[in-house]
Amino acid sequence: MKGELKELSLTINGKPYELKVKAMTLLVELLRNELKLTGTKVGCLDSACGACTVNIDGKAVRSCSVLALQANGRKVTTIEGVSDSDKLHPIQQAMIDHGAIECGFCTPGMVMSAKALLAENPNPTRDEIREAIQGNLCADEGYVKYIEAIEIAAKEMRGGK
Amino acid sequence: MIADFEYFAPKTVKEALSLLSQYKEAKIIAGGQSLLVVLKQRLFSPEYLIDIKGISALDYINYEEGKGLRIGALTPHRTIEKSPVIQKYFPVLSEMENNIATIQTRNWGTIGGNICHGDPAGDPAPVFIALKAKLKLASLGGERVIDMQEFSKDYLEVALDPGEMLSEIQIPKPAPHTGTAHDKLMVMKGDMGIIGAAVSIVLDSKGKCEDARIVLSNAASVPLRAGKAEKKLIGKVLNDALLAEAGELASAEADPPADVHGSAEYRREMVKVFVRRAAAKALERARAA
Ligand SMILES: Cc1cc2nc3c(=O)[nH]c(=O)nc-3n(C[C@H](O)[C@H](O)[C@H](O)COP(=O)(O)OP(=O)(O)OC[C@H]3O[C@@H](n4cnc5c(N)ncnc54)[C@H](O)[C@@H]3O)c2cc1C
């Protein structure tokens with residue numbers, strides 16, 4: 001029935017969740033409003049800016065453009081699930097060390113796009129990095145440092161090779 | 001944001017078809033990359049939503065020498081783009097996909113959803129028409145196969161009967177010496193084309209053009225076949241001047257929209273450019289094939 005709560009079971013950042021949600025809930029609304037995982041940002045809510053990018057089953061997806069129920073049975077990773085407790089992920093560390101982060105609003109989405117890229121392709125070319133973050137708008141025009149930081153992180157993750 | 005609806009998530013095609021026949025006004029959601037935009041703006045609020053994204057049996061790419069290519073309706077754009085079989089036998093499909101939106105959208109959006117959305121600015125439909133694709137439509141009553149070209153009816157309207165869903169896209173093996181190419185005008189890579197052209201050229205053993213298809217996006221309320229431009233090429237040994245003439249003819253056949261991205265007049269000029277470019281590339285490929 002309309003208005004009825006639907007069962008949703010999924011894994012978020014490695015933790016299993018059994019939830020009840022309204023069918024029209026967007027994944028980003030579930031993450032931010034219900035679960036208070038506010039690291040995922042909302043820029044446009046219109047699939048234009050990429051600030052809400054998360055990983056679903058390891059792939060970069062815009063959480064404003066997915067129904068929460070469509071993540072049923074899947075593994076969602078948000079920016080909160082990227083670091084290893086207190087130790088930042090190499091992508092995060094490289095972005096900080098390299099001065100890639102300006103206002104920081106697009107950063108969680110950038111990290112999630114970069115993470116999906118490096119999981120699939122540990123040694124990407126510059127063009128592949130550009131393509132991976134093409135769907136993440138940065139209003140501060142900070143793309144070059146992001147690209148370089150992802151390159152540095154990739155190298156670090158390959159053990160310096 | 002979105003008005004609530006009753007939600008079903010069938011796991012098989014059969015379950016989906018039963019639900020579709022039971023709830024006549026139900027709307028299908030696949031990746032939702034187009035549909036959710038409409039629902040968020042509340043241009044439309046369905047009572048029932050049938051989510052087919054989880055039907056993994058419709059996520060496949062098969063190629064057989066005799067039969068050609070078969071793509072399941074729920075195959076994500078990104079899977080098509082990256083498929084080695086498609087890169088080998090139908091590189092135009094991989095190139096076209098690479099220019100659709102961004103990786104995030106291509107990871108979740110499906111090829112079937114793109115076609116069923118019926119946007120005349122969409123890229124896959126013109127390329128499929130150039131490749132003589134057919135669509136398999138399924139309902140509880142059975143299946144039917146129609147030409148992709150017959151599928152688009154009007155702006156955002158396609159030839160799906162109530163209770164029907166798209167299950168597969170079928171592309172025949174191209175004739176020998178066939179070349180196909182696609183290009184579109186974008187402000188930024190991944191934008192919907194301001195204008196787009198898909199061209200397929202078949203040469204005979206003497207190098208004469210035996211068959212040609214020229215299909216435009218965003219040039220009418222449906223993907224538009226430029227028949228006069230095609231006729232201009234068929235039966236001739238092609239050269240740059242003929243390709244430019246085909247562009248002129250296609251431009252005259254186009255009835256493009258005018259919007260913030262370009263006037264109708266500008267689009268007609270761009271049809272000339274993009275038909276010529278795509279045709280030149282298709283010809284080069286046909287000669288190399
Ligand atoms: C930012 C952005 C940029 C884009 N750029 C481009 C571009 O450059 N070129 C381009 O071509 N497209 C572009 N698109 C559109 C996009 O490629 C597709 O339209 C989208 O992937 C649709 O697939 P989906 O699975 O998400 O469909 P949905 O949004 O779920 O569905 C779309 C429609 O199809 C119907 N439907 C879906 N699957 C079926 C089925 N199997 N049988 C019957 N009906 C069905 C639904 O009921 C709905 O009406 C863009 C989209 C976005 C958000």
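The values are calculated or read from the model by the stated rules, or taken from the named source; none is laboratory data. Just so it is clear, the model here is predicted, and its values are computed rather than measured. No Cβ is skipped: glycine too gets one built from the backbone with ideal geometry, and neighbour counts run over all protein chains shown.
Please find, among B:Leu156, B:Leu160, B:Leu135, the residue that is away from chain A (no Cβ under 14 Å), within 14 Å of the ligand (Cβ to nearest atom) and in contact with a Gly (Cβ under 7 Å, 6 or more places away or on another chain).
Just a single option satisfies the conditions, and that option is B:Leu156.
Just checking, how many residues over segment B:91-104 are within 12 Å of chain A (Cβ to nearest Cβ), touching a strand residue (DSSP E or B) at 6+ places or on another chain (Cβ under 7 Å) and surrounded by fewer than 24 Cβ atoms within 10 Å (Cβ to Cβ)?
Of the residues in segment B:91-104, the ones within 12 Å of chain A (Cβ to nearest Cβ) are B:98-104.
Now restrict to residues that are touching a strand residue (DSSP E or B) at 6+ places or on another chain (Cβ under 7 Å): B:99, B:103-104.
Pick out the ones that are also surrounded by fewer than 24 Cβ atoms within 10 Å (Cβ to Cβ) and you get B:99.
Residues meeting the conditions: 1.
Restricting attention to segment B:163-191, which residues are part of a loop (DSSP other than H, G, I, E, B) and either near the ligand (Cβ under 10 Å from one of its atoms) or within 18 Å of B:Gly122 (Cβ to Cβ) (or both)?
Scanning segment B:163-191 gives B:Glu164, B:Leu185, B:Met186, B:Val187, B:Met188, B:Lys189, B:Gly190, B:Asp191.
Scanning segment B:193-210 for residues that are closer than 12 Å to B:Ile129 by Cβ and aliphatic (A, V, I, L, M), which turns out surrounded by the most Cβ atoms within 10 Å (Cβ to Cβ)?
The selected residue is B:Val199.
What are the residues in segment A:131-153 that are away from the ligand (no atom under 16 Å from the Cβ) and either assigned to a loop (DSSP other than H, G, I, E, B) or in the same structural domain as A:Val61 (by TED's automatic domain parsing) (or both), if any?
A:Cys138, A:Ala139, A:Asp140, A:Glu141, A:Gly142
Among the listed residues A:Val76, A:Val54, which satisfies the condition of being more than 10 Å from chain B (Cβ to nearest Cβ), touching a residue at least 24 places away in the same chain (Cβ under 8 Å), under 22 Å from B:Thr102 (Cα atoms) and not in a loop (DSSP other than H, G, I, E, B)?
A:Val76
Taking the condition farther than 30 Å from B:Gly227 by Cβ, within 14 Å of the ligand (Cβ to nearest atom), touching a residue at least 24 places away in the same chain (Cβ under 8 Å) and touching a Phe, Trp or Tyr at 6+ places or on another chain (Cβ under 8 Å), does B:Gly118 pass?
Judged against the criteria, B:Gly118 is not a match.
Got a sec? Which of B:Leu43, B:Leu58 is under 20 Å from the mean Cα position of the chain (by Cα) and either away from the ligand (no atom under 13 Å from the Cβ) or more than 12 Å from chain A (Cβ to nearest Cβ) (or both)?
Criteria check complete, one pass: B:Leu58.
Among the residues of segment A:79-109, which ones are without any contact (Cβ under 8 Å) to a residue 40 or more places away in the chain and within 12 Å of chain B (Cβ to nearest Cβ)?
none
Residue by residue, here is whether (1) away from chain B (no Cβ under 13 Å); (2) crowded, with 18+ Cβ neighbours inside 10 Å; (3) free of Cβ contacts under 8 Å to residues at least 12 places away in the same chain holds:
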| residue | (1), (2), (3) |
| --- | --- |
| A:Lys115 | no, yes, no |
| A:Arg126 | yes, no, no |
| A:Arg130 | no, no, no |
| A:Asp140 | yes, no, no |
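Keeping to segment B:8-24, report how many residues are under 15 Å from B:Ser45 (Cβ atoms) and either buried (at least 20 other Cβ atoms within 10 Å of the Cβ) or more than 13 Å from chain A (Cβ to nearest Cβ) (or both).
0
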